[in-house]
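As structure tokens, the structure follows; a few thoughts come after it.
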Amino acid sequence: MALPDLDDLIAEVDRRCDTAHRPGGQEQPDWLALLTVAAQLAGQLQALADDLVEDYVEHCRMHGSSWTDIGAALGVTRQAVQQRFRAPHKRYSPETMTDDLRQAMAHVKQAAVQHRNNYIGTEHLLWGLTAQDNSATQLLQSGGVSPETVHRSVGTRLSMGASQAAERIAWTPYSRKAIAIAEARSEQNGSERIDCEDLLIGLAQVGRGVAANVLTEAGFDPAALNATTADTHSSQNR
């Protein structure tokens, strides 16, 4: 894969901000408008680069690499790499979740511990969401998908690990993205707490990972259910 060079990025800025160029080329373009778009594009590229590194840091941790080794690979100190990558989801406390989602998260942790996994992947999240009836299973049913079938399917993809340190379980990048989408969706719909259907939509919209694959194979289409989910949120009093 060839990476874009500066000329490619400049061309992309021009494409995204074609209104900044004056008709006929007689006047100077709107440089401030072009700068704004260039900054937005640079931010997107930086976020993508950060996600790339974070994904490999998580895999190194899952496979036993120490923070010292990871720091050395990145050319920084152990303290620096821990500060950047070690604290996933402290802000997602039980107080930010509905009662149903807290119960689902207990199933999520149980699945990780029983399978001796030192991480929470999207497969654990989907398994927990479909362990008992809640707004996520109801959303699946409204989309013509059997929650029981999804639960069994994702259960077959939970692999046995070798971790003995349940307290050190970390969220994978795709799991973090899923709950970030869930939080944003919850806020958009006027709720102060994240519910099960929010996380289900987040898992589907991440587009990658075990959960997204299972949901796609099951025929779950979150785009077709956006209106349904919005109606559900507006009618709930959480």
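The values are calculated or read from the model by the stated rules, or taken from the named source; none is laboratory data. Here the structure is a predicted model, which is why all the values come from computation and not from measurement. Backbone-built Cβ (ideal geometry, glycine too); neighbour counts: all protein chains shown. Only protein heavy atoms, including side chains, enter the accessible area calculation; ligands, DNA and RNA are left aside. Shrake-Rupley method; radii C 1.70, N 1.55, O 1.52, S 1.80 Å.
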Options Gln138, Gln103, Gln132: the member that is part of a loop (DSSP other than H, G, I, E, B), in contact (Cβ under 8 Å) with a residue 12 or more places away in the chain and over 29 Å from Cys60 (Cα atoms): Gln132
Which listed residue, of Gly190, Gly144, is assigned to a loop (DSSP other than H, G, I, E, B) and touching a residue at least 60 places away in the same chain (Cβ under 8 Å): Gly144
Conditions (1) at pLDDT below 90; (2) open to solvent by 70 Å² or more (accessible area, probe 1.4 Å); (3) in a helix (DSSP H, G or I): number failed by Thr229: (2)
